[in-house]
1. Looking for whichever is touching a helix residue (DSSP H, G or I) at 6+ places or on another chain (Cβ under 7 Å) and not in a strand (DSSP E or B) here; the options are 66, 39, 85, 80. Which one fits?
2. Could you grab me the full set of residues in region 293-313 that are assigned to a strand (DSSP E or B) and touching a residue at least 40 places away in the same chain (Cβ under 8 Å)?
3. Pull up region 412-435, narrow it to residues that are under 15 Å from residue 202 (Cβ atoms) and modelled with pLDDT under 90, then point me to the one that is surrounded by the fewest Cβ atoms within 10 Å (Cβ to Cβ).
4. What tally of residues in region 462-472 results from selecting those that are closer than 14 Å to residue 511 by Cβ and either at pLDDT below 95 or within 8 Å of the chain's Cα centre (by Cα) (or both)?
5. If we keep just the residues of region 196-240 that are touching a residue at least 12 places away in the same chain (Cβ under 8 Å) and at positive phi, which is surrounded by the fewest Cβ atoms within 10 Å (Cβ to Cβ)?
6. Which of the residues that make up region 420-454 are in contact with a strand residue (DSSP E or B) (Cβ under 8 Å, 6 or more places away or on another chain) and under 16 Å from residue 373 (Cα atoms)?
7. Filter region 46-70 down to residues that are buried (at least 19 other Cβ atoms within 10 Å of the Cβ) and within 21 Å of the chain's Cα centre (by Cα), then give me how many there are.
């Protein structure tokens with residue numbers, strides 16, 4: 001198993017009880033099937049509840065999540081020589097009450113070509129290769145090509161051979177695209193990319209892998225045995241894939257054409273499905289031999305070695321970043337490209353990269369961008385290279401998700417997005433492709449999500465916005481596989497009930513995942529999450545988002561989560577001034593907690609209207625008390641019989657008596673005049 005993929009079989013040894021899945025299957029975790037295990041999964045027996053099909057299931061891990069969008073498409077393919085899922089989704093295992101993702105397949109009739117990666121590939125007679133492998137797998141390749149679906153897992157241990165020598169393609173959905181592929185089986189640019197950054201690619205990537213498989217079957221053993229991944233890449237760049245893999249080895253004459261065609265390093269010259277079918281039908285083709293990169297009239301010294309071609313130098317710069325920055329700062333690279341390679345266009349791109357670095361000098365990352373852009377100029381076919389990151393342009397979102405918790409990687413991916421290195425890569429291509437438009441739109445969508453770094457957005461949001469169906473990566477959900485927001489609150493309920501969450505059950509990943517699936521505008525609420533040390537505000541905002549989730553997606557009752565949030569916010573009840581009101585609120589909180597109603601709890605504990613009413617009543621009470629206190633003090637100090645008060649009262653009394661007398665006199669005068 002590749003070192004970058006976590007082994008989970010031992011972690012799941014405690015799973016023993018059968019569990020029903022989708023009302024169609026019974027999973028039997030006690031019966032392990034290691035011969036059917038894909039990297040990073042656990043293979044177990046399965047049975048159909050409605051038939052007699054012999055089945056097996058793969059329990060997947062969320063750290064290297066399955067290809068969600070491809071699962072739906074592959075499940076519609078009916079091809080007897082390729083494994084396609086008959087069931088998929090999440091299921092809760094009773095031993096630990098943890099939700100996990102499962103893929104269900106029909107069991108293959110054959111056995112793996114080799115038991116596991118690294119074992120030598122058996123040599124097979126050319127006629128058996130043509131009949132049992134090429135012709136037998138043509139329907140699978142045809143289905144994939146016609147639907148523009150990428151398998152990205154064609155390798156020896158994923159080929160199943162029947163007793164009569166007929167091949168079948170294994171499954172390709174349990175881990176991200178090409179994540180478990182050996183560098184040997186990947187085209188040069190995909191091999192240069194990190195496993196996390198290879199992406200779906202295109203159907204021609206599968207044809208290349210198919211060509212490597214045929215070469216290993218024809219010659220036996222392991223091609224380029226003993227060489228490291230970097231040595232394999234260097235050999236392919238230097239000699240071309242066909243030259244590096246086949247070399248001077250005698251190849252069966254009938255297989256020479258397909259090997260040359262499938263192993264072409266130029267995707268535009270690599271054999272397509274039409275070419276393979278034409279050859280299989282007896283038509284001889286003459287694959288165009290892709291010329292090797294032009295050699296310079298003199299070498300350039302870099303990192304202790306001499307290089308004569310631009311792609312070889314670009315590959316060396318990828319592996320020696322600090323030395324690359326020093327090379328860019330000097331004028332040696334531009335001079336060598338123009339004089340030794342006679343390539344002024346490439347030189348202009350390198351000069352442009354240097355100028356851009358000066359413009360970004362204040363950000364501290366200008367030199368790094370210059371190196372990345374210079375590598376693009378030297379080898380436009382290479383993936384995007386930036387510091388420790390090597391990623392294909394269509395795999396940036398996937399790489400962010402897979403390497404999110406790797407130290408320093410998130411910052412580097414953020415630089416790639418903000419510096420528009422994806423757009424620069426597209427611009428550097430000598431040939432344009434229609435899919436570039438969709439790729440640029442995807443990158444712009446990612447850029448929109450990272451424009452704001454407030455909780456709910458940023459790189460966490462890029463993970464879920466850029467990868468359909470990617471499970472929530474928050475540590476707060478533990479081992480639960482939460483790819484559907486309806487399962488988020490039950491997972492948090494389980495974690496709280498088991499005592500594994502102490503503070504607020506909301507972090508940046510929870511927010512980003514939730515807001516990527518929820519309806520409504522929460523921008524105002526997100527501001528309350530900006531200061532995690534202001535616990536009252538943060539906890540109140542957490543209750544609000546959780547209650548909105550329960551309102552939109554259920555479940556109806558969350559007693560453990562409600563009790564937890566009530567405990568976090570109970571101090572807010574004690575902050576109310578009205579004693580009777582406090583008692584009523586405590587009773588209401590207890591009732592809401594017992595019912596598991598976060599929405600009711602939120603209306604009590606995080607309700608600004610109630611708080612305002614209490615404060616208004618308290619302010620009025622304070623004012624009345626102040627007035628009464630002032631009057632009491634005035635009386636105590638003899639204010640009632642003081643000279644000033646007596647004079648004031650006398651003046652008022654005199655005025656009243658004078659007014660009454662004047663009125664009476666006026667009345668009497670009026671009566672006398674009338675009568």
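The values are calculated or read from the model by the stated rules, or taken from the named source; none is laboratory data. Quantities reported herein were computed from a predicted structural model and do not represent experimental measurements. FYI the Cβ positions are ideal-geometry reconstructions off the backbone, even for glycines, and counts take in every protein chain you see.
1. On inspection, the qualifying residue turns out to be 85.
2. 300
3. 434
4. Final tally of qualifying residues: 4.
5. The extreme case among them is 221.
6. 421, 422, 425
7. Here the count works out to 9.
Residue-by-condition table, conditions (1) in a helix (DSSP H, G or I); (2) farther than 19 Å from residue 99 by Cα; (3) not assigned by TED's automatic domain parsing to the domain that holds residue 394:
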{"residue": "447", "(1), (2), (3)": "yes, yes, no"}
{"residue": "453", "(1), (2), (3)": "no, yes, no"}
{"residue": "461", "(1), (2), (3)": "yes, yes, no"}
{"residue": "480", "(1), (2), (3)": "no, no, yes"}
{"residue": "489", "(1), (2), (3)": "yes, no, yes"}
{"residue": "502", "(1), (2), (3)": "no, yes, yes"}
{"residue": "509", "(1), (2), (3)": "yes, no, yes"}
{"residue": "512", "(1), (2), (3)": "yes, yes, yes"}
{"residue": "520", "(1), (2), (3)": "no, yes, yes"}
